[in-house]
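Contents: one structure, followed by commentary.
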Amino acid sequence: MIGKTGIVLGVLIMLLSGLMLVFMFDAPTQSGGGLADPSNLPVKGYMNITLYADAGGWNYSHGAINPNLYFPLYYVINFTVIEEDNLPHTLTINQGPTETASSLTLLSTGQITQSPGHVSKVSYEFFKAGIYTYWCVIHPTTMVGQIEINSTAGNNTTAATVSSTSNVMIHSFESAHDLSILVYSDLSQILGSIKAMTYMVF
Amino acid sequence: MSATTLLVESSLVLSFFFIFLFLMYYKYLSVKTEVDVAALNENYYDYSSYLREKKKGGGAISPHSFIMNDSKSIGIRYLITSLIFFFIAGTFGVIMRVSLVEPQPTLFAHREVIYDILTTEHAILMIYMWAIGSALGLAYYLIPKFINMKSDRYGNASSWGYWIWLMGGLFILFSRTSTRWYYYPPLALQLNPYGAGAMNWLAVIGLEFIMIGVTIAAIVIVRNIIYERSDSMPLSKMPLFVWSVLFTLIMFLASAPFLMTAMVMLFYDFFNPVFFTGSSSSPLYFTELFWVWGHPIVYIAILPQFGLIYEIIPKFTGNKVYSYSSGVIALGLLLPLSELVWGHHLMESGLGIEWGLFFSTASFLVVIPSAITVFNYIGTLWTSEKIRLTIPMLFVINGIMDFVFGGITGVLTAILPFNEQTHGTYWVTGHFHFVFMGITVGIAFAAIYMIWPSLTGGRIYSRRLAGWHFAFTSVGSMIMSMGWVVGGFMGMPRFVSGYFARYMVYQDVAILGGVIIGIGQLFFLANLMISTAKAPQVEPSNVFEEVYRKAEISGGE
């Protein structure tokens, strides 16, 4: 009565196991479609920027609130975050124009010490032009602003201290450098051809 | 093409489509009415079981079981699906193991995320799709005859439960998540390849779906056991397998809401991280919610199989179960105890020494019912005249031994200082692979071999291939878990794609075992394909059900 159902089931099991394995091997392994930090970036210079962390907004009592920041490419930006209001804050920089935990977090201070005047420092070198977001994960609606990275150091660079000498370098992403091999291994190429063959069969 | 032409053509196509749909529905209705009348004439409650028994060969593996809603068909659905997922997740496990052949990542060099994805998918699919799926499948398949069910209602709800469960499993498979099976935030909230994978939100929905599906199935089965049980079968005479399923599902229903709540909160945290990663909350909250569910699940994965052992042993020893009441009491004791021990997963999380002692003591108490169960098996074997070492019986004996190994390695970790040494190491992996390979996998296969003629419409399996399947599975799992237990005792950490070179020997031993297990399962597939290719040789009767079918005749009023 059941005829060849068992054979069909057996073949189906083996096919599905192989297909799913290929599917898993095909998973994206790099952030933001290949936006891992490449090693040996050219460093054109250093810029310092100070941000005051206040639940009302970045730089709440220091001029414009949540200013848009403009930086040139290949400059190491030293961020100095100063606690203002006894509340927990983070300086978190994400890829993309809006603050969301789902886009790649490039940089985060973690929760800074909650005593007014406390200074935290992080630095990051932007190597792709585009719009980034800096925000506080605890106050995502009030403390959020945009960073624009220009491909050339134009006139509209944010008034920040620019120095060409080596500065306090706390590069927070040194471990990421190890992960950032942009060259695919031979395995993935083999898998790619297997996948192409499977797609042709089906 | 002008807009008018487009409008006319599309409306014509739509009309034909609706006419076709109407015809299909008309056809379906008339056939269903016909079958309903026929079923009523033959004193069947529902048309599905009438169709299954009269027209479609009576509860064998077939695509028909995916459209019929009687208990047996749904059981076959669960069995087929869980087998498929067992092989998918098993392939992941073997490949993941092979990649650890050297201390530095080999197969996944520079793409270590793939290892995390494989380990996550292996764990989630094995637990939720294979362990729960096969247990539900056997429960749906066997219980109606075990309790001489009066009527087979709520097949529709069971069907919904199955499809929701399957959809959840597919969501998890396609999400390629690299969160671990416990979904800890903040890792689970990081939707990028370095975190939990870009599609982890789908895995959260998938797990929620699985829980909803299994909840539906659990309610239907518990209801069937309580209300649809034959009048001639009082609770005091209910088969031990039915008891174990009842306790399992009550345990499930008692602990599932914690995980379902936690998953909803986790999903909300994707948009607004207030519950687990906000300034006034802690990821520890999630771990508590998870493990209140996460500990009962490991009992849910083995309890139905405990019941199956009670059913299998008497078939091959000709002996009654040594002590029926202590069997029921032991299974029942696990119910409250399993809800009290979740903290032993968090002993290094800073709960404090008082809580540590409490959970340590509670974990030791679990030994009592487990030991009662094991001694009950041993007593049954001990008092029997002779033991027929058939394939299911070999699986059972191997399962008991593996459970003893796994139980001892498990209860040792409840000692607080020992836990400090082995927490987060391969010791734990070895511990639960002893139990899962011996009990969950072994006994499920033993039950499948028992009902083989019934499942395949009268075929018998090749004993030679089944023997190889058993030998490879048991020897491989022993080698693999032993390698892990010894390496873990030396401090070999879990869940990593590389390791320190001094652990290489333990990892390579485990790889040997893992590959042996993987090869062993191919014998099962070969057996399935070869035996179904042959003509039916025996009556498609079900050895499990024979006993209870007779009981209905002699035990009735």
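Structure notes:
- In segment B:501-542, the residue that is farthest from B:ILE460 (Cα to Cα) out of those that are of a type outside the set (Ser, Thr, Tyr) and in a loop (DSSP other than H, G, I, E, B) is B:ASN542.
- In segment B:339-362, the residues that are in a helix (DSSP H, G or I) reach residues that are of a type in the set (Gly, Ala, Ser) and surrounded by 14 or more Cβ atoms within 10 Å (Cβ to Cβ) with C-beta atoms within less than 6 angstrom, at least six apart or across chains, in these pairs: B:HIS344/B:SER363; B:HIS344/B:ALA414; B:TRP355/B:GLY343; B:PHE359/B:GLY343; B:SER360/B:ALA414.
- Selection count where residues are farther than 21 Å from B:GLY206 by Cβ and free of Cβ contacts under 8 Å to residues at least 12 places away in the same chain, scope segment B:267-312: 8
- Filter result (open to solvent by 70 Å² or more (accessible area, probe 1.4 Å) and at pLDDT below 75) within segment B:35-55: B:ASN43, B:TYR45, B:GLU53, B:LYS54, B:LYS55
- The condition of being more than 14 Å from chain A (Cβ to nearest Cβ) and either touching a Phe, Trp or Tyr at 6+ places or on another chain (Cβ under 6 Å) or not small (Gly, Ala, Ser) (or both) holds for only one of B:TYR141, B:TYR115, that being B:TYR141.
- Residue under evaluation B:TYR183, criteria (1) on the phi > 0 side of the Ramachandran plot; (2) without any contact (Cβ under 8 Å) to a residue 60 or more places away in the chain, criterion not met: (2)
- Criterion: assigned to a loop (DSSP other than H, G, I, E, B) and either open to solvent by 10 Å² or more (accessible area, probe 1.4 Å) or at pLDDT below 80 (or both) - qualifying residue of A:HIS89, A:HIS139: A:HIS139
- Neighbours by Cβ (under 6 Å, 6+ apart or cross-chain): first from segment B:436-456, within 14 Å of chain A (Cβ to nearest Cβ); second of a type in the set (S, T, N, Q) and not in a helix (DSSP H, G or I): B:ILE451/B:ASN542; B:SER454/B:ASN542
- Residue check for B:VAL264: touching a residue at least 12 places away in the same chain (Cβ under 8 Å) and within 25 Å of B:ASN148 (Cβ to Cβ): no
- Filtered residues of segment B:155-166 (kept if within 18 Å of the chain's Cα centre (by Cα) and open to solvent by less than 80 Å² (accessible area, probe 1.4 Å)): B:SER158, B:SER159, B:GLY161, B:TYR162, B:ILE164, B:TRP165, B:LEU166
- Annotation: B:ASP269 fulfils all but one of (1) modelled with pLDDT of 90 or more; (2) assigned to a helix (DSSP H, G or I); the unmet one is (1).
- Qualifying residue in segment B:469-489 (condition: assigned to a helix (DSSP H, G or I), touching a helix residue (DSSP H, G or I) at 6+ places or on another chain (Cβ under 8 Å), within 14 Å of chain A (Cβ to nearest Cβ) and open to solvent by less than 10 Å² (accessible area, probe 1.4 Å)): yes
- The residues of segment B:109-138 that are under 23 Å from B:PHE85 (Cα atoms) and either over 11 Å from the mean Cα position of the chain (by Cα) or surrounded by fewer than 23 Cβ atoms within 10 Å (Cβ to Cβ) (or both), listed by number, are B:VAL113, B:ILE114, B:TYR115, B:ASP116, B:ILE117, B:LEU118, B:THR119, B:THR120, B:GLU121, B:HIS122, B:ALA123, B:ILE127.
- With respect to (1) open to solvent by 10 Å² or more (accessible area, probe 1.4 Å); (2) assigned to a helix (DSSP H, G or I), the lone exception for B:ASP152 is condition (2).
- B:VAL94 being among the β-branched types (Val, Ile, Thr) and facing another protein chain (nearest Cβ under 10 Å): yes
- For B:ILE132, the conditions (1) more than 10 Å from chain A (Cβ to nearest Cβ); (2) in contact with a helix residue (DSSP H, G or I) (Cβ under 8 Å, 6 or more places away or on another chain); (3) not in a helix (DSSP H, G or I) are fulfilled apart from (3).
The values are calculated or read from the model by the stated rules, or taken from the named source; none is laboratory data. These figures come from a predicted structure and were not determined experimentally. In this analysis, Cβ positions are derived from the backbone assuming ideal geometry, glycine residues included, and neighbour counts consider all displayed protein chains. Each accessible area value is taken on the protein alone, full model and side chains, heavy atoms only, with ligands, DNA and RNA left out. Shrake-Rupley method; radii C 1.70, N 1.55, O 1.52, S 1.80 Å.
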